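Heads up, the thing below is written out as structure tokens.
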Amino acid sequence: MKLSFDLSVEVSEKYDFNKESLNKINDNPWVKSQWPLVYFIQNDDKRVAYVGESTNFSNRIKNHLANPKKSNAFNKISIIGSDKFNKSATLDIESKLIQYISSEGTYELQNGNHGLINHNYYQQDLYKNLFIDIWGKLIENKIVSKSLEEIENSELFKYSPYKSLNEDQYNSVLEIIEALTEKKSNKIFIKGSAGTGKTILATYLIKLLGSDVSDTNIDDFSDNEIQEINLIRAYKIKYPKAEIGFVVAMSSLRKTLQNVFRKIPELKSSMIISPSDTFKKEYDLLIVDEAHRLRQYKNIGWMGVFKKNNRKLGLDDTGTELDWIIANSKNQIFFYDSAQSVKPSDIPSSHFDKLLNKPDTIEIKLKSQMRSNGGNDYITFVDDLLNIKRENKDFFRPDNYDVVVFDSMKDMYEQLSIKEEKYGLCRLIAGYSWPWVSQKDTSAIDISIDGVNLQWNKTDKDWINSDDSFEQVGCIHTTQGYDLNYTGVIFGEEISFNEVTQQIEIDKSKYFDKNGKRGIEDIEELKEYIINIYKTIMYRGIKGVYIYACDKNLRKYFKKHISTYEYGNKLRNK
């Protein structure tokens, strides 16, 4: 029998945050009864705030007021209480408030990000609606102004270093800092498939290593949190003024992360760098996102610069961006997934394997699916589907994820438009089956299917969040590393299904990424890159993926495994 109870919450008046107000604050019913509670300290003029929770708030506020950093920074405090609060619930709500307020934009949050971890606890689901009520009351009290949905679609929320980690990620953080501090290795690989939270973990780690924990009160901390704080302190003793860089090979994602870091205390947009930027200074630590997209001297448009960088290190043309990163830093952390390598210019996995096979290299694996509501089952399904490995012929029917094949491009675009209206962040993404004509002729149509006329992305910098991006089609390079609510994936004419051999085939003549195919003689090698592209873009959607294949046989193959859209908003085979 499932238990339930009514939950209500109160957000107090704004008390003055000073010693003279202690008696009034201690008269608050939740404070007086020493009940678990959450609190919000703010200064509207300075636009700064701090979120906390406590089971002994009288002592906690005395500690805050005795701390000049807080007593001089803030002037108002609100108390959030409920008769159904317990320690687990207040930790959960505190964590959520930190995530949302830090991304909402009204205040610059002064919290550190240590200890942010998702814990399961009794009747946790019942408290989800309570948080919605709390946020509504904060809006009513004019503490915040944006809705939860609006925040969730923002780039700052999606890449926030204040995101709560799962146990998988949190344990990885402890292992990473311990390795850096105790010098077990200066090379750490974090391996995980798309959606396992590699970029989130990277931003969390950079913020954490830069946090001031010198006066952190650990009285109410768990053993893990105390271990985390002590590791950070040890790291800062070893590297008191650590130079840390976040290497992002893809220019689109680099621009997005620079925008995020610009808005976070203790982080700077200048920390987000390209592989070439690593030559500008000596780094104590370089954290490399999407390391599988690091490049070699092959099929790139800036061969001259690449050659010069290699010569700076005394390397010939076999030198790679991986070599630059290792040469220009004392320690490296690589976030890596070989299955997301999509071009010949990407460094071959054999280069990474050499590092991974060294006895002093540390390898950490992330397993939990953080992006897709379809979970790990969806990730496995896509891999099996595109590699013709699905032994189970039944339809893939995830409970909380939409996977739909369309016979009409027009229908798919209409249905994606409905999702865009409802959720936002819904985008079309395609393989390279059409030339980028509109790059030179801005009025030209690049893609025309079923009377739907579209252009490729008009910008390669932060295209996902650019104006009119829903009316355009993105590619792998403008979408890899991003989260979307719904993805409309167009399988182009370069990819087809042979019903005789029961295999996916590639037509090189209809693949228009020149640097993506130059020098590749083995069609199976090209096929592997193209399959990786489609797998990666099919992993972008949080809530669902819509699929259209130009090749009728490929569409027919998909329909054997995936439900099909039928005009009138019905699904066949479901």
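If you take the residues of the range 44-58 that are under 18 Å from S145 (Cα atoms) and among the acidic types (D, E), which of them is surrounded by the most Cβ atoms within 10 Å (Cβ to Cβ)?
Quick first cut of the range 44-58, residues under 18 Å from S145 (Cα atoms) only: 44-51.
Restricting the remaining residues to those that are among the acidic types (D, E) gives 44-45.
Numbers: D44: 15, D45: 7.
The extreme case among them is D44.
Considering only the range 174-192, state which residues are buried (at least 21 other Cβ atoms within 10 Å of the Cβ) and part of a helix (DSSP H, G or I).
If the condition is that a residue be buried (at least 21 other Cβ atoms within 10 Å of the Cβ) and part of a helix (DSSP H, G or I), then I176, L180 are the ones that fit.
When you go through (1) buried (at least 21 other Cβ atoms within 10 Å of the Cβ); (2) of a type outside the set (A, V, I, L, M, F, W, C); (3) assigned by TED's automatic domain parsing to the domain that holds R262 one by one for S160, which number turns out not to apply?
(3)
Which residues, taken from the range 135-157, are in contact with a Leu (Cβ under 9 Å, 6 or more places away or on another chain) and either under 23 Å from M271 (Cβ atoms) or crowded, with 20+ Cβ neighbours inside 10 Å (or both)?
W135, L138, V144, E155
Check the range 409-431 and report whether any residue there is at negative phi, more than 25 Å from the chain's Cα centre (by Cα) and in a loop (DSSP other than H, G, I, E, B). Working first, answer last.
At the first step, the residues of the range 409-431 found to be at negative phi are 409-423, 426-431.
Now restrict to residues that are more than 25 Å from the chain's Cα centre (by Cα): 409-415.
Okay, now just the ones that are also in a loop (DSSP other than H, G, I, E, B), so none.
Scanning the range 409-431, I find no residue that is at negative phi, more than 25 Å from the chain's Cα centre (by Cα) and in a loop (DSSP other than H, G, I, E, B), so the answer is no.
Find the strands (runs of 3 or more DSSP E) located wholly in the range 495-553 whose residues include 2 or more that are over 23 Å from Q480 (Cβ atoms), modelled with pLDDT of 95 or more and of a type outside the set (F, W, Y), and list them. Steps first, answer last, please.
On the way: elements: 495-498, 503-506, 541-549.
Counting at least 2 such residues, we get 495-498, 503-506.
Given the criterion out of contact with any Ser or Thr (no Cβ under 8 Å at 6 or more places or on another chain) and modelled with pLDDT of 95 or more, identify the matching residue among F17, F74.
Numbers: F17 fails: out of contact with any Ser or Thr (no Cβ under 8 Å at 6 or more places or on another chain).
Going through F17, F74 in turn, the sole match is F74.
Could you identify the single residue in I41, I61, I80 that is buried (at least 17 other Cβ atoms within 10 Å of the Cβ), in the same structural domain as G136 (by TED's automatic domain parsing) and not in a strand (DSSP E or B)?
Values: I41 fails: not in a strand (DSSP E or B); I80 fails: not in a strand (DSSP E or B).
None of the other options fit; the residue is I61.
Please specify each residue of the range 254-279 satisfying the condition of being closer than 24 Å to R47 by Cβ and of a type in the set (K, R).
Within the range 254-279, R262, K263, K268 qualify.
Please identify the pairs in which a residue from the range 48-77 that is closer than 16 Å to D27 by Cα has its Cβ atom under 6 Å from the Cβ atom of a residue that is part of a helix (DSSP H, G or I) and of a type in the set (S, T, N, Q), counting only partners at least 6 apart or on another chain.
Within 6 Å, the pairs are S58/N26.
Somewhere in the range 332-355, is a residue surrounded by fewer than 19 Cβ atoms within 10 Å (Cβ to Cβ), modelled with pLDDT under 95, among the hydroxyl-bearing types (S, T, Y) and outside the structural domain of T181 (by TED's automatic domain parsing)?
no
When Q455 is evaluated against the numbered criteria (1) buried (at least 19 other Cβ atoms within 10 Å of the Cβ); (2) without any contact (Cβ under 8 Å) to a residue 60 or more places away in the chain; (3) part of a loop (DSSP other than H, G, I, E, B), which criterion, by number, is the only one it fails?
Result: Q455 passes all but (3).
Regarding S466, is this residue touching a strand residue (DSSP E or B) at 6+ places or on another chain (Cβ under 7 Å) and among the small types (G, A, S)? Talk me through it step by step, then tell me what you get.
Working: touching a strand residue (DSSP E or B) at 6+ places or on another chain (Cβ under 7 Å): no; among the small types (G, A, S): yes.
Judged against the criteria, S466 is not a match.
Inspect all residues belonging to the range 468-476 and state whether any of them is in a loop (DSSP other than H, G, I, E, B) and farther than 17 Å from R293 by Cα.
Initial filter on the range 468-476 (in a loop (DSSP other than H, G, I, E, B)): 468, 475.
Remaining after also requiring farther than 17 Å from R293 by Cα: 468.
Checking the range 468-476: at least one residue is in a loop (DSSP other than H, G, I, E, B) and farther than 17 Å from R293 by Cα.
Filter the range 212-269 down to the residues that are in a loop (DSSP other than H, G, I, E, B) and hydrophobic (A, V, I, L, M, F, W, C), then identify the one that is surrounded by the most Cβ atoms within 10 Å (Cβ to Cβ). Don't jump to the end; show me each part of the working.
To start, the set of residues in the range 212-269 that are in a loop (DSSP other than H, G, I, E, B) comprises 212-222, 239-243, 249-250, 262-268.
If we keep only those that are hydrophobic (A, V, I, L, M, F, W, C) too, we end up with 213, 218, 221, 242, 249-250, 264, 267.
Working: V213: 16, I218: 14, F221: 15, A242: 16, A249: 21, M250: 21, I264: 23, L267: 20.
Top of the filtered list is I264.
Listed residues V500, V473; which is within 30 Å of N259 (Cα to Cα), over 19 Å from the mean Cα position of the chain (by Cα) and among the β-branched types (V, I, T)? Explain how you work it out, then say what you get.
Working: V500 fails: within 30 Å of N259 (Cα to Cα).
Exactly one residue qualifies, and that residue is V473.
Just wondering, is there one or more residues in the range 372-383 that are closer than 30 Å to E243 by Cβ, out of contact with any helix residue (DSSP H, G or I) (no Cβ under 7 Å at 6 or more places or on another chain) and of a type outside the set (V, I, T)?
Of the range 372-383, the ones closer than 30 Å to E243 by Cβ are none.
No - not one qualifying residue is present in the range 372-383.
Please work out which one of (1) touching a residue at least 60 places away in the same chain (Cβ under 8 Å); (2) more than 30 Å from L174 (Cβ to Cβ) is the condition N111 fails and give its number.
(2)
Quick one: how many residues across the range 130-152 are in a helix (DSSP H, G or I) and either closer than 24 Å to L484 by Cα or modelled with pLDDT of 90 or more (or both)? If you could, list the steps in order and put the result at the bottom.
The first filter runs over the range 130-152 and keeps only residues in a helix (DSSP H, G or I), leaving 130-140, 148-152.
From what's left, either closer than 24 Å to L484 by Cα or modelled with pLDDT of 90 or more (or both): 131-140, 148-152.
The qualifying residues number 15.
Which residue pairs have Cβ atoms under 7 Å apart, sit 6 or more places apart or on different chains, and have a first residue in the range 513-525 that is assigned by TED's automatic domain parsing to the domain that holds G431 and a second that is of a type in the set (A, V, I, L, M)?
N515/I300; K517/L526; I520/L526; I523/I506
Out of all the residues in the range 116-133, which are hydroxyl-bearing (S, T, Y) and either within 17 Å of L165 (Cα to Cα) or outside the structural domain of L148 (by TED's automatic domain parsing) (or both)?
So the first thing to find is which residues in the range 116-133 are hydroxyl-bearing (S, T, Y), and the list is 121-122, 127.
If the condition is that a residue be hydroxyl-bearing (S, T, Y) and either within 17 Å of L165 (Cα to Cα) or outside the structural domain of L148 (by TED's automatic domain parsing) (or both), then Y121 is the only one that fits.
Looking only at residues that are among the polar types (S, T, N, Q) and in a helix (DSSP H, G or I) in the range 361-380, which one is surrounded by the most Cβ atoms within 10 Å (Cβ to Cβ)?
Just the residues of the range 361-380 that are among the polar types (S, T, N, Q), to begin with: 361, 368-369, 372-373, 376, 380.
Then keep just the ones that are in a helix (DSSP H, G or I); that gives 376, 380.
Working: N376: 14, T380: 16.
This residue is T380.
What number of residues in the range 270-324 are β-branched (V, I, T), over 22 Å from A242 (Cα atoms) and either in a strand (DSSP E or B) or touching a strand residue (DSSP E or B) at 6+ places or on another chain (Cβ under 9 Å) (or both)? Steps first, answer last, please.
If we filter the range 270-324 for residues that are β-branched (V, I, T), which is where we start, we get 272-273, 278, 287-288, 300, 305, 318, 320.
Going one step further and asking which of them are over 22 Å from A242 (Cα atoms), we end up with 300, 305, 318, 320.
Next, from what is left, pick out any that are either in a strand (DSSP E or B) or touching a strand residue (DSSP E or B) at 6+ places or on another chain (Cβ under 9 Å) (or both): 320.
Residues that pass the stated criteria total 1.
The values are calculated or read from the model by the stated rules, or taken from the named source; none is laboratory data. All values reported here derive from a predicted model rather than from experimental measurement. Virtual Cβ from ideal backbone geometry, glycine too; neighbours counted across all protein chains shown.
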